1. Rounded to the nearest 100 Å², what is the sum over both chains of accessible area buried where B meets A, with a probe of 1.4 Å?
2. Multiply the residue gap between B:Arg85 and B:Ser167 by 0.36 nm, knock off their C-alpha separation, and tell me the result in nm, one decimal place.
3. Give me the extension gain from A:Leu11 to A:Thr214: residue separation times 0.36 nm, minus the current Cα-Cα distance, reported in nm with one decimal.
4. Collect residues whose amide H, placed 1.01 Å from N in the peptide plane, falls under 5 Å from the amide H of B:Asp315; neighbours closer than 5 in sequence don't count.
5. Starting from 0.36 nm per residue, how many nanometres of slack lie between A:Leu42 and A:Ala19 once their C-alpha separation is accounted for?
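The values are calculated or read from the model by the stated rules, or taken from the named source; none is laboratory data. Source: prediction; values computed, not measured. Please note that ligands, DNA and RNA were not included when accessible areas were found on the heavy atoms of the full protein model with its side chains. Shrake-Rupley method; radii C 1.70, N 1.55, O 1.52, S 1.80 Å.
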Amino acid sequence: MKDLPIGKRGLISLAVALALGITVIIVDSRWTLLVGVTFVLLATGMLIGARAARSRQQYHFIAEPEFTREKISPNLVVLSSAAVLAIYSAGYFRTRAAANRLIEQAAQQRIAALAPVNAPPSPPEIKPNQAATPSGTPTPAEPPRKKLATRAPATARAPKAASDSPADPSAPRQQASQSGYKDGTYLGWGSCPHGDIQAGVIIKRGQIVDVGITQCLTRYSCSVIKRLPGEVLDRQSVNVDVVSGATESVYAFHDAVAQALSKAQGQ
Amino acid sequence: MTKNPYVRTVPPYLRTVPVMGTLVTIQVVGHGPEAPQRAERISEKQEHDPQRVPDWEEPDCEEAVDRAFAWFHRIEACCTRFDPRSELMQLTARIGVPVPVSSILFEALQFALAVAEQSGGAFDPTVGHGMETRGFNREYLSGRVVRSALEPAASVTYRDVRLDPDSRTVLLLRPLLLDLGGVAKGLAIDMAARELAAFGNFAIDAGGDLYLGGCNRDGAPWSVGIRHPRGDSELIDSLRVSGCAVCTSGDYERRSASEVDGHHILDPRTGSSAHAAVSATVVAPTAMLADALATAAFVLGPADGIRLLERLGVDGLIISPAIERFTTRGMCSDDTPGSAAILSDAQGAAHHRSGDSGRPGRAV
């Protein structure tokens, strides 16, 4: 009882309540019985309350540091899920029409942006661009060399794609490309270790009006798990559904588009 | 389990679209008896209100895939570094003033900053300028070349970005270029996954960053290969997963044009390409988290990377430059179910399995 945080006054009132209750119960009267029981209950309640107060104090003591620690390191899993929920509930496109409008807009941008890609080394187009942009950049000597180098992989890959079709040095021909396309729908193939991609290009009045993927044949099942020395486990033939970290399909798409465009030029 | 007459099977559906500088493939797998989530939901519905079940419309798969792709376009339009009109680039033009932003950009930034904090700066959304000066200023898919007219603030970090959750504004303290590449792609995958959740079984592949929902065509958990960092068509491991994202950061993509040994992942703390690992794969409940942590783990390298992943409660696999495999405790590869018997590594925190380096093998 000593460690109960109810103090002397509380203890006295508890005893009084208990005594009163018991005496009232002893004096046998139906009316007073109810009052007595109430007093006893009151006393019990006080006791329980006092105990609870004590344990709350203890809990408080232990819990506080943990709570603050929790606050310092937010759970990233929860945070990312909450972000997804927040954006989803913001209701960006509730209707299919809205979604489709967006997709169309994006397609238009892609088409607009695609033309320069497939004419990789067209110097007259790039150089003015470079001359215009570095005005605000701090490295004026760097850009020309860098940009050409950045484009190098594209140039290097273009002939590879063209070799599938009877097209040859794609560079000079594509330079004059914009007007050189014949109207129609053209298909081209590109391949990467994980599969083949067929791209379709639609030309109307000499302009690219649509670019998309018409077929995507991924063949992950051909892949082989790299056997590591020391592993003696009997593995069955590996057949995976998808591959993480495989981004080569972008090259395949480029090759496919390049091939389709070379066909559009009447090859 | 008997076939529920109310479950109409959705035919397998697959679409590939070029977006976000890569190719995104979404496949929805037809429902078999192994589609537990869906079947349960319908039987529940039947119990509560049998009359209404026939009215229940099968969600339109094509429409859902439309919406899923729309998220990719929407988030790209908002968070791309390659379009000066994007909200992100508009934001970087205003230094020192709180700028109200859309919920997509705000949430993406908030999350990126949280990961930056947790990883001690190994992941940092302010590396944009570093990326640009090192030649990563050309969007891969469309070929758009972007060069921002920014003064290069030498030592910007994520601490120079302040968010106000109440007014939902962003304040950039110094001129900096934000790069939300990984986070934005992850977010788009998560939003797409949410749109497709009604179908239960689906896979989203955004250039090697994956989200796998439910089961594959055979009714088994999705089998995911992890690309070998030094072999084009080889896999270094494979996993069986369901209902989570798998993202890999590797040094084999997007080699830097301006540097011989450079690649697209910068160590924000040093400003040069990270070389502590050659690939890092993270398995997490959301793609946003998996993608960001894969980058962070890649930068930190095997020992610190595994420690970080363990601390944050996600699983991962980190490949060292010597092609040694380091995994978290919970990572159990598909082909070797018993391979949890992983040798404890000398470095203590990381688990290690023998690799190509010819180090002593593991206990069998």
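1. Numbers: alone 16670 and 19570 Å², together 29030 Å².
Accessible area lost upon association: around 7200 Å².
2. Numbers: separation 82, 0.36 × 82 = 29.52 nm, distance 2.30 nm.
Gain on extension, B:Arg85 to B:Ser167, equals 27.2 nm.
3. Working: separation 203, 0.36 × 203 = 73.08 nm, distance 8.58 nm.
Full extension from A:Leu11 to A:Thr214 adds 64.5 nm.
4. Distant-sequence amide H within range of B:Asp315: B:Val283.
5. Numbers: separation 23, 0.36 × 23 = 8.28 nm, distance 1.17 nm.
Result for the pair: 7.1 nm of gain on full extension.
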